[in-house]
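The values are calculated or read from the model by the stated rules, or taken from the named source; none is laboratory data. Everything quoted here is computed from the prediction, not taken from an experiment. Virtual Cβ from ideal backbone geometry, glycine too; neighbours counted across all protein chains shown. All accessible areas refer to the heavy atoms of the entire protein, side chains included, with ligands and DNA or RNA removed. Shrake-Rupley method; radii C 1.70, N 1.55, O 1.52, S 1.80 Å.
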Amino acid sequence: QVQLAESGGGLVQPGGSLRLSCAASGSDFSIATMGWYRQAPGNQRELVAHITRGGRTHYADSVTGRFTISRDNAKNTVYLQMNSLKPEDTAVYYCNTNPIILSWGQGTQVTVSS
């Protein structure tokens with residue numbers, strides 16, 4: 001069974017940067033489109049970005065130009081580089097396939113606040 005483990009979150013000031021990592025264990029995920037999702041308190045979980053196995057990317061309008069998704073298939077890891085962070089980026093961030101077929105990991109908290 002594939003397990004997802006997100007890491008790299010934290011507290012950062014507006015305008016700052018963070019790099020999130022998601023490691024998948026238990027299977028080869030290189031064939032899957034992988035996505036980063038986030039859920040803020042009181043909101044539904046939303047797709048932030050995804051990357052196909054060939055490296056094509058797609059971003060939500062709210063993060064375009066600020067976030068970059070990448071993957072290392074040899075390491076079964078997907079990354080999310082987040083720059084120019086805003087308070088509205090505060091959420092728990094998760095990774096999963098797109099469409100979603102795996103159990104959710106624990107997520108990693110990102111808090112953007114001065």
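Please pick out the residue among Ala32, Ala74 that is among the aliphatic types (A, V, I, L, M) and over 19 Å from Ser7 (Cβ atoms). Walk me through how you get there before you give the answer.
Numbers: Ala74 fails: over 19 Å from Ser7 (Cβ atoms).
Answer to the selection: Ala32.
Would you be able to say whether some residue in the range 59-67 is closer than 15 Å to Leu4 by Cα, touching a residue at least 24 places away in the same chain (Cβ under 8 Å) and in a loop (DSSP other than H, G, I, E, B)?
Pass one, the range 59-67, residues closer than 15 Å to Leu4 by Cα: none.
No, that holds for no residue.
Identify all residues within the range 59-97 that are modelled with pLDDT of 95 or more and of a type in the set (Ser, Thr, Tyr); write none if there are none.
Tyr59, Ser62, Thr64, Thr68, Ser70, Tyr79, Ser84, Thr90, Tyr93, Tyr94
Look through the range 34-55, keep the residues that are crowded, with 17+ Cβ neighbours inside 10 Å and not charged (D, E, K, R), and return whichever of them is farthest from the chain's Cα centre (by Cα).
This residue is Ile51.
Are there any pairs, at least 6 apart or on different chains, whose C-beta atoms fall under 7 Å, with the first in the range 1-24 and of a type in the set (Lys, Arg) and the second open to solvent by less than 40 Å² (accessible area, probe 1.4 Å) and in a loop (DSSP other than H, G, I, E, B), and if so, which?
Between residues of the range 1-24 that are of a type in the set (Lys, Arg) and residues that are open to solvent by less than 40 Å² (accessible area, probe 1.4 Å) and in a loop (DSSP other than H, G, I, E, B), the close pairs are Arg19/Gly8.
Condition first: in contact with a strand residue (DSSP E or B) (Cβ under 9 Å, 6 or more places away or on another chain) and open to solvent by 80 Å² or more (accessible area, probe 1.4 Å). Can you find one or more residues in the range 67-84 that meet it?
Yes, that holds for at least one residue.
Quick check on the range 88-101. Is at least one of its residues aromatic (Phe, Trp, Tyr), touching a residue at least 60 places away in the same chain (Cβ under 8 Å) and in a strand (DSSP E or B)? Explain how you work it out, then say what you get.
Step one: of the range 88-101, the residues aromatic (Phe, Trp, Tyr) are 93-94.
If we keep only those that are touching a residue at least 60 places away in the same chain (Cβ under 8 Å) too, we end up with 93-94.
Adding the requirement that they be in a strand (DSSP E or B) leaves 93-94.
Yes, there is a match, as at least one residue in the range 88-101 is aromatic (Phe, Trp, Tyr), touching a residue at least 60 places away in the same chain (Cβ under 8 Å) and in a strand (DSSP E or B).
In the range 85-114, which residue that is closer than 15 Å to Ala49 by Cβ and of a type in the set (Phe, Trp, Tyr) is least open to solvent (accessible area, probe 1.4 Å)?
The residue in question is Tyr93.
Do we have Val78 as β-branched (Val, Ile, Thr) and touching a Cys at 6+ places or on another chain (Cβ under 6 Å) here?
On the way: β-branched (Val, Ile, Thr): yes; touching a Cys at 6+ places or on another chain (Cβ under 6 Å): yes.
So Val78 passes the test.
Scanning the range 1-32 for residues that are over 17 Å from Ala91 (Cβ atoms), outside any loop (DSSP other than H, G, I, E, B) and small (Gly, Ala, Ser), which turns out modelled with the lowest pLDDT? Even if it seems obvious, please write down each step before you answer.
From the range 1-32, those over 17 Å from Ala91 (Cβ atoms) are 1-3, 5, 15, 23-32; that's our starting set.
From the residues that got through so far, the ones that are outside any loop (DSSP other than H, G, I, E, B) too are 3, 5, 23-25.
If we keep only those that are small (Gly, Ala, Ser) as well, we get 5, 23-25.
On the way: Ala5: 95, Ala23: 93, Ala24: 90, Ser25: 86.
By that ranking, first place goes to Ser25.
Quick check, is Ile31 among the hydrophobic types (A, V, I, L, M, F, W, C) and open to solvent by 80 Å² or more (accessible area, probe 1.4 Å)? Break it down into steps so the answer makes sense when it comes.
Details: among the hydrophobic types (A, V, I, L, M, F, W, C): yes; open to solvent by 80 Å² or more (accessible area, probe 1.4 Å): yes.
Here the answer is yes, as Ile31 does meet what is asked.
Go through the range 56-66 and report how many residues are open to solvent by 60 Å² or more (accessible area, probe 1.4 Å) and more than 19 Å from Val112 (Cα to Cα).
3
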